[in-house]
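Notes follow the structure.
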Amino acid sequence: MQQVKFGWDKDQRILSGLGNEYIGLKLTSTADASGTTIQPSVPVQLAQFIVAMLVMDAWQYFVHRFMHQNKFLYRHVHSQHHRLVVPYAIGALYNHPLEGLLLDTFGGAISFLVSGMTARTAVVFFCFAVIKTVDDHCGLWLPGNIFHIFFWNNSAYHDIHHQLQGTKYNYSQPFFANWDKLLGTHMPYDLLKRPEGGFEVRLKKD
């Protein structure tokens, strides 16, 4: 007689995942009588956006810095990302899977839950965060770049961190440089115009 195996374990994992997603949305969303999610007002969403940025910055600063200070984590995990001495855009997400989990997945989930934003607002926020991270690693200083205008933490700032002499500085990512300035890991830089075209970023001591 042929034995029939049911995919109970697989079904259980799927249901568990859907349940966790449902719980996450219930924690951050409200719905009307028809079950339609109510989107907060624009000022509330902007406030949630700012809270999420601050939470993500704090999480990523301390986890990122710890990965540099812990020799095991740096050698076996974070050093993969620092193979990029000269960063390029797609290299923004060139990292070890464990680093992606700790920095991006956990940091994103905590930002989402603490800010209380809806799933729709979260989509916009995470797209913005990814674009900002890619721009920080692009290695380009382009005129009119809004990220360079509104953020001190930009491609030049993060380029210093990827230089061999700057790996113990400028841990902050992806939005502000506040934690570096507060905790003494901020490294200022000079942006020098090169005779052959373009710019060169050089670190300088305070």
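The distance between label points at Val85 and Lys181 comes to 3.2 nm (points 7 Å beyond Cα on the Cα→Cβ vector). Give the residues of region 116-155 whose amide nitrogen is closer than 19 Å to a point set 7 Å from the Cα of Leu203 in the direction of its Cβ. Backbone N within reach: 136-140, 152-155. Alpha carbon centre of region 90-112 versus region 126-163: separation in Å? Their Cα centres are 17 Å away from one another. Between Leu191 and Arg120, the C-beta separation translates, for a Förster distance of 45 Å, into a calculated FRET efficiency of about 0.75.
Placing pseudo-labels 7 Å out from each Cα toward the beta carbon at Leu142 and Gln165 gives an inter-label distance of 3.0 nm. Computed from the Cβ-Cβ distance with R0 of 30 Å, the FRET efficiency linking Cys127 to Phe72 stands at 0.35. Extension gain, Phe62 to Thr105: 0.36 nm times the residue separation minus the Cα-Cα distance gives 14.0 nm. Entry comment: accessible area of region 33-167 is 53 Å² per residue, from protein heavy atoms only and a probe of 1.4 Å.
The values are calculated or read from the model by the stated rules, or taken from the named source; none is laboratory data. None of these values were measured; they are calculated from a predicted model. Quick reminder, even Gly has a Cβ in these numbers, built from the backbone with ideal geometry, and neighbours come from all protein chains shown. Note: accessible area is taken over every heavy atom of the protein model, side chains too, but ligands, DNA and RNA are not part of it. Shrake-Rupley method; radii C 1.70, N 1.55, O 1.52, S 1.80 Å.
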